[in-house]
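Worksheet for the structure shown next.
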Amino acid sequence: MDPRYVLLLSAVLFSLGVVGVLLRRGAITILMCIELMLNAGNLAFVTFARQAGTAEAQVYVFFVMTLAAAEAAVGLAITIALFRLRESTDIDQIRLLKW
Amino acid sequence: MSGGALEAAAFFVLAVLTVASALVVITHRNPVVCALALAFHLVGIAGLFLLLGSQFLALLQVIVYAGAIMVLILFVVMLLNLGEETRAGSHGRIQAWLAPVLALALAAVLGKAVLSGPAQAAVTPGSGYGTAGTVGQELFARFFYPFEVLSLLLVAAMIGAVLLAKKRV
């Protein structure tokens, strides 16, 4: 199987994640779309690892997964704190720093 | 059916599954449905990892992503009892129109960059490729210090999450 097709799929999935972050207004859904993008990156890493035949890029994927777990934990905690303050997770209503 | 054709068919099925579930994640208004579609997506990615010979990472993907992170997200969605997302205001409509166009442009640029390279034959990996043994050896030999920094980061994230989410006393 040509690795370019896998990379193409990874590019498409990454773009879908970008659309989600730009379109959605719920904070949790935006976090989910960030996970989509991270996974698309992981897919590209695994493809490169397969072509190189080494474990190096697989270790990078391992690191990205750990970072994603940390990001999800902190992001969801911020969402909960935000919900307590505003009774909503709609990011359009959080505009104190926006001019 | 030959091995190559079988592999291509599996790749096609998994590609359709991942793209379709990603579309549901970015379009459905109910966050619970989005989370379940994301779980499907993550399992599909794990299948792709398996197809590419990274069996250890496929297992990690299911345990860490589809297990731990999805439970966390679903737990918060249900804890906050979120309803359907509100419709966009007037300024949101321009964004809703512009975002898919720009993302399509991004996909076109990325796709062109990928496809402009020469066609490559798939490499058949050596024995032991993608097992926990080889990945772990690389992790603890060459990436030992980054690994330790990462464990510090996880501790910091854990304490930060507890501090951020707890009620003021």
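The values are calculated or read from the model by the stated rules, or taken from the named source; none is laboratory data. For clarity, every value in this text was computed on a predicted model and none was experimentally measured. Please note: Cβ atoms are built from the backbone with ideal geometry, for glycine as well, and neighbour counts cover all protein chains shown.
So B:Ala66 fits all but one of (1) at pLDDT 90 or above; (2) in contact with a Leu (Cβ under 9 Å, 6 or more places away or on another chain); what number is the exception? Only one criterion in (1) at pLDDT 90 or above; (2) in contact with a Leu (Cβ under 9 Å, 6 or more places away or on another chain) is unmet by B:Ala66, namely (1).
A count restricted to region B:109-155 and to residues that are loosely packed, with under 13 Cβ neighbours inside 10 Å, modelled with pLDDT under 90 and over 20 Å from A:Gly53 (Cβ atoms) stands at 1. Close contacts from region B:46-59, counting a first residue that is within 18 Å of A:Leu7 (Cα to Cα) and a second that is of a type in the set (D, E, K, R) and buried (at least 20 other Cβ atoms within 10 Å of the Cβ), with Cβ to Cβ under 6 Å and a gap of 6+ residues or different chains, come to B:Leu52/A:Arg50; B:Gly53/A:Arg50. Scanning region A:5-54 for residues that are among the small types (Gly, Ala, Ser), part of a helix (DSSP H, G or I) and over 15 Å from the mean Cα position of the chain (by Cα) yields A:Ala49, A:Ala52. Annotation note: of B:Val71, B:Val101, B:Val77, the sole residue that is in contact with a helix residue (DSSP H, G or I) (Cβ under 9 Å, 6 or more places away or on another chain) and either surrounded by 13 or more Cβ atoms within 10 Å (Cβ to Cβ) or more than 7 Å from chain A (Cβ to nearest Cβ) (or both) is B:Val77.
When A:Leu96, A:Leu82, A:Leu67 are screened for being surrounded by fewer than 23 Cβ atoms within 10 Å (Cβ to Cβ) and not in a helix (DSSP H, G or I), only A:Leu96 passes. Kindly indicate whether B:Val43 is closer than 30 Å to B:Gly83 by Cα and buried (at least 17 other Cβ atoms within 10 Å of the Cβ). Yes, satisfied. In the condition set (1) surrounded by 19 or more Cβ atoms within 10 Å (Cβ to Cβ); (2) within 27 Å of B:Leu110 (Cα to Cα), A:Ala52 is compliant with all but (1). Residue count for region A:40-54 satisfying the condition of being facing chain B (nearest Cβ under 7 Å), of a type in the set (Ser, Thr, Tyr) and without any contact (Cβ under 8 Å) to a residue 40 or more places away in the chain: 0.
Note on region B:65-169: enclosed helices (runs of 4 or more DSSP H) holding 2 or more residues that are over 23 Å from the mean Cα position of the chain (by Cα) and under 23 Å from A:Ala72 (Cβ atoms) are B:70-80, B:144-165.
Checking every residue in region B:26-37 against the condition of being farther than 25 Å from B:Leu164 by Cβ, at the interface with another protein chain (Cβ under 7 Å from one of its Cβ atoms) and either among the hydroxyl-bearing types (Ser, Thr, Tyr) or in contact with a helix residue (DSSP H, G or I) (Cβ under 9 Å, 6 or more places away or on another chain) (or both) gives at least one match.
Of the residues making up region A:55-99, just one is touching a residue at least 60 places away in the same chain (Cβ under 8 Å), closer than 20 Å to B:Ala161 by Cβ and within 7 Å of chain B (Cβ to nearest Cβ), namely A:Thr89. Restricting B:Val155, B:Val135, B:Val162, B:Val123 to residues that are among the hydrophobic types (A, V, I, L, M, F, W, C) and more than 9 Å from chain A (Cβ to nearest Cβ) narrows the list to B:Val155.
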